[in-house]
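Following: one structure in structure tokens, then a few remarks.
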Amino acid sequence: MENFFERDNLRYAMIGSGSWATALAKLLVTNKGKISWYVRDDEMIDHIKKTSHNPYYLTTVQFDPERIMLSSDINEIIDSADVLIFCIPSVYFLEEVAKIKRSLDDKFVVSAIKGMVPDDNITIAEYFNQTHNIPYSRIGVISGPCHAEEVAMERLSYLTLSSKYIEVARSLGDVFACSYIKTVPGTDIYGVEYAAVLKNIYAVAAGICHALSYGDNFMAVLITSSFHEMRNFLLASHPDTTRKTSKSAYLGDLLVTCYSQFSRNRTFGSMIGKGYSVQSAQMEMNMVAEGYYGTKCIYEINKKIGVDMPIAEAMYKILYEDKYPAYIIKHLTEKLQ
């Protein structure tokens, strides 16, 4: 087994320019000195070069433009790097990767995307494996529990890095580890990707329930039940005897996304619970709530698997069938225990 990260002088690139991409770019620049960065907006590139910070996300994070090669040409960025970290909201993913005209045959691809490929209902790792024929030995996944805002503030955080081989996962962890980032290596690529999708759905549910004035006592039951749904879905769809869903990449990420003030999915759910339409909530947030798109993907996948998922199904009814949130949640409370 070749460990890609044993190669000399590897070059790193960030693909994406949102808050999570900005936080990870901060870590990459700190650890690797120089990086390439794909930013599709030329005005944003000019702003970063002039002011040394992202104008829209994590504006307190300062960059040295001399250490970053910025480009709105994704192929130029791909040519400039060996390790590509994709951090694009899932709803824009296909639009961006459709621009790729270069071979990825000699690249290591990392997904930091907390969503799935819309309509195709496959994970990002599955997409690169199936569409670009990248073996799983050259695919990595970054998962939480970790909010970009706390990385920007350099608060102690934990990242889970997954790849097919544990040695590769450890090496990938070294790329991001620093005084305030601890890394946890793992090999459950499938599990951590789907857990990242599922926890966003449950955070939307938590936000809706909070807006409807359900208290901490009920929230504890909701999140416990959400964890059981997640575990049962992972077990039914991709059994893995080594998976420990009580670890931070699963349970921990679920907890922080449901409870944190920085959780955009909880915020999105809270707006829905207050009576916002999906479209108006999305426009006011000006950020992508992955839980909205993940709800449809999981609903479609579960049609074939048949796992009992009352919370995820309730979110589908509210978000895609325009059912009244208060009625759906009241009905949901009869199913939880």
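Is segment 4-187 best put as rounded, prolate or oblate by its Cα gyration tensor, with a ≥ b ≥ c the root eigenvalues, rounded for a/c under 1.5, and otherwise prolate when a/b is larger than b/c, oblate when not? Write out the running numbers ahead of the final one.
Details: a/c = 1.41, a/b = 1.13, b/c = 1.24.
Rounded shape, in that the Cα axes give a/c under 1.5.
With +1 assigned to the C-beta of every Lys and Arg and -1 to the C-beta of every Asp and Glu, and no other charges, what is the dipole magnitude of segment 191-333 about the Cα centre in debye, to the nearest 20?
Values: 14 positive and 12 negative charges, 26 e Å.
Here the size comes out at about 120 debye.
Taking a threshold of 21 Å on the Cα-Cα distance, which of the pairs 114/182; 199/335; 26/164 fall above it? Working shown, then result.
Working: 114/182 19 Å; 199/335 19 Å; 26/164 26 Å.
26/164, as the Cα separations exceed 21 Å there.
For segment 191-333, what relative contact order do you get, as a whole percent, if you take Cα pairs closer than 8 Å and at least 6 residues apart? Numbers along the way, then the final one.
Working: 177 pairs, mean separation 51.8, N = 143.
With pairs under 8 Å counted, the relative contact order is 36 percent.
In a Gaussian network model over the chain where Cα atoms closer than 10 Å are linked, find which of 185, 89, 239 has the largest mean-square fluctuation.
Of 185, 89, 239, the most mobile in the Gaussian network model is 239.
Please grab the % of Cα pairs in the chain that end up more than 38 Å from each other.
Numbers: 7179 of 56616 pairs.
Percent of Cα pairs beyond 38 Å in the chain: 13.
Among 324, 268, 258, flag the residue with its Cα farthest along the positive direction of the charge dipole of segment 191-333, charges on Cβ as +1 for Lys/Arg and -1 for Asp/Glu.
258
Calculate the dipole size of the chain relative to its Cα centre from +1 charges on Lys and Arg beta carbons and -1 charges on Asp and Glu beta carbons; express the result in debye to the nearest 20. Display every interim value, and only then the final one.
Numbers: 34 positive and 39 negative charges, 131 e Å.
Here the size comes out at about 620 debye.
Please give the length that would be gained between residue 177 and residue 321 if that part of the chain were fully extended, namely 0.36 nm times their separation in residues minus their C-alpha to C-alpha distance (nm, one decimal). Before the final figure, lay out the partial values.
On the way: separation 144, 0.36 × 144 = 51.84 nm, distance 4.30 nm.
Contour length minus the Cα-Cα distance gives 47.5 nm.
Using a Gaussian network for the chain with springs between C-alpha atoms less than 10 Å apart, which of these wobbles most: 297, 209, 178?
Of the options given, 178 has the highest mean-square fluctuation.
Once all Cα-Cα distances of segment 211-337 are split into 5 Å bins that start at 0, what whole-number percent is in each one?
So the P(r) values, bin by bin, are 2, 10, 18, 24, 23, 15, 7, 2, 0.
For the chain, what is the mean residue ellipticity at 222 nm derived from helices alone (per DSSP H run of n ≥ 4: -39500 (n - 2.57); sum divided by total residues; nearest 500 deg cm²/dmol)?
Rounded to the nearest 500, it is -15000 deg cm²/dmol.
Full extension from residue 121 to residue 213: what is 0.36 nm times the residue separation minus their Cα-Cα distance, to one decimal in nm? Intermediate values should be presented prior to the final figure.
On the way: separation 92, 0.36 × 92 = 33.12 nm, distance 3.33 nm.
Answer, rounded to one decimal: 29.8 nm.
Pull out the extension gain between residue 101 and residue 280, defined as 0.36 nm times the separation in residues minus the alpha carbon to alpha carbon distance; nm, one decimal. Intermediate values should be presented prior to the final figure.
Working: separation 179, 0.36 × 179 = 64.44 nm, distance 3.58 nm.
My answer for the length gained is 60.9 nm.
Which of these, 53, 228, 238, has the largest mean-square fluctuation under a Gaussian network model of the chain (Cα springs below 10 Å)?
Greatest mean-square fluctuation among the candidates belongs to 238.
R0 = 35 Å: FRET efficiency of residue 262 with residue 333, Cβ-based, nearest 0.05? Don't jump to the answer; show the numbers that get you there.
Numbers: r = 27 Å, r/R0 = 0.78.
Once rounded, the FRET efficiency stands at 0.80.
We did not get these values from a lab; they are worked out from the coordinates using the rules stated. The structure presented is a predicted model; accordingly, all values stated were derived computationally and were not measured. Note: ideal-geometry Cβ built from the backbone for every residue, glycine included; neighbour counts use all protein chains shown.
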